[in-house]
Ligand SMILES: [Zn+2]
């Protein structure tokens with residue numbers, strides 16, 4: 001086996017997490033500031049949309065804003081601010097969802113929580129598009145410009161609002177409770193089952209400890225490469241050996257085996 005030798009400086013972390021309930025309590029507390037900030041930013045974003053509508057339809061008769069270019073600048077600026085606030089809110093919302101995920105058992109809540117960024121993006125721009133297109137006083141040129149700009153902003157907002165990699169409470173707890181020895185780095189967002197994971201090749205200083213403590217340190221899930229490797233090992237019935245072998249090609253169908261097993265274990269542990 002042509003193993004690439006990488007030496008790490010591993011710091012062992014003494015476990016401070018006793019139970020899944022405790023872990024859930026910690027992560028829940030941590031997510032609250034993000035959620036509050038998100039709600040404030042989204043509300044401010046929607047206020048900006050209202051101003052964009054008022055400026056565009058010339059409902060606000062503020063001298064300079066009734067004439068060009070003040071009028072155009074005003075509604076574009078309001079839309080731009082709307083975009084910035086909603087995007088920052090969506091990023092914080094995703095951060096909160098990864099810290100304190102929804103349970104997969106409640107499918108509706110899980111879907112809404114993980115797609116709220118997209119829903120808010122729609123609310124933040126579609127009403128403006130409809131109102132600007134149906135405004136009787138606006139010129140055709142203004143209507144076209146308004147709908148193109150708002151539609152572009154909507155697309156950008158949706159791209160930031162989508163959680164491409166949503167985490168469920170079950171996944172987080174499974175990850176947290178299952179593994180006694182995992183590795184993570186100070187700056188990383190995931191933890192690893194194998195010290196010789198290729199993603200750790202460039203990191204000199206590693207922490208080693210229970211996955212519950214990795215989650216506490218903000219690493220909410222296991223890295224995909226390690227997950228695939230574990231799944232492949234479970235499938236082949238091999239024991240986990242820590243060697244750097246060929247890259248696993250389990251592909252996009254990740255974590256089915258490992259997670260099912262882990263779920264069973266998590267349930268019986270109650
Ligand atoms: Zn890894």
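The values are calculated or read from the model by the stated rules, or taken from the named source; none is laboratory data. Fair warning: this is a prediction, and the values are worked out from it, not measured in the lab. Every residue, glycine among them, receives a Cβ derived from its backbone with ideal geometry; neighbour counts consider all protein chains shown.
Quick check on region 116-128. Is at least one of its residues assigned by TED's automatic domain parsing to the domain that holds residue 95, over 24 Å from the mean Cα position of the chain (by Cα) and more than 15 Å from the ligand (Cβ to nearest atom)?
Initial filter on region 116-128 (assigned by TED's automatic domain parsing to the domain that holds residue 95): 116-128.
Filter again for over 24 Å from the mean Cα position of the chain (by Cα), leaving 127-128.
Keeping just the survivors that are more than 15 Å from the ligand (Cβ to nearest atom) gives 127-128.
Yes, region 116-128 contains a residue that is assigned by TED's automatic domain parsing to the domain that holds residue 95, over 24 Å from the mean Cα position of the chain (by Cα) and more than 15 Å from the ligand (Cβ to nearest atom).
Taking into account only those residues within region 192-238 that are closer than 22 Å to residue 24 by Cβ, in a strand (DSSP E or B) and more than 9 Å from the ligand (Cβ to nearest atom), which is modelled with the lowest pLDDT?
221
Just checking, which of 255, 267 is within 16 Å of the ligand (Cβ to nearest atom), closer than 16 Å to residue 169 by Cα and either at pLDDT below 60 or more than 25 Å from the chain's Cα centre (by Cα) (or both)?
Going through 255, 267 in turn, just one is within 16 Å of the ligand (Cβ to nearest atom), closer than 16 Å to residue 169 by Cα and either at pLDDT below 60 or more than 25 Å from the chain's Cα centre (by Cα) (or both): 255.
In this structure, is residue 153 in a helix (DSSP H, G or I), away from the ligand (no atom under 16 Å from the Cβ), modelled with pLDDT of 85 or more and in the same structural domain as residue 118 (by TED's automatic domain parsing)?
Judged against the criteria, residue 153 is a match.
Does region 166-188 hold any residues that are assigned to a loop (DSSP other than H, G, I, E, B) and modelled with pLDDT under 85, and which are they?
Residues satisfying the conditions are 179, 180.
Does region 25-71 hold any residues that are in a helix (DSSP H, G or I), surrounded by fewer than 16 Cβ atoms within 10 Å (Cβ to Cβ) and over 28 Å from the mean Cα position of the chain (by Cα), and which are they?
63, 64, 66, 70
For region 120-144, how many residues meet the condition of being assigned to a helix (DSSP H, G or I) and free of Cβ contacts under 8 Å to residues at least 12 places away in the same chain? So that I can check it myself, show each step before the final result.
We begin by selecting, within region 120-144, every residue assigned to a helix (DSSP H, G or I); these are 120-134, 140-144.
Checking which are free of Cβ contacts under 8 Å to residues at least 12 places away in the same chain leaves us with 130, 134, 140-141, 143-144.
Selection size over region 120-144: 6.
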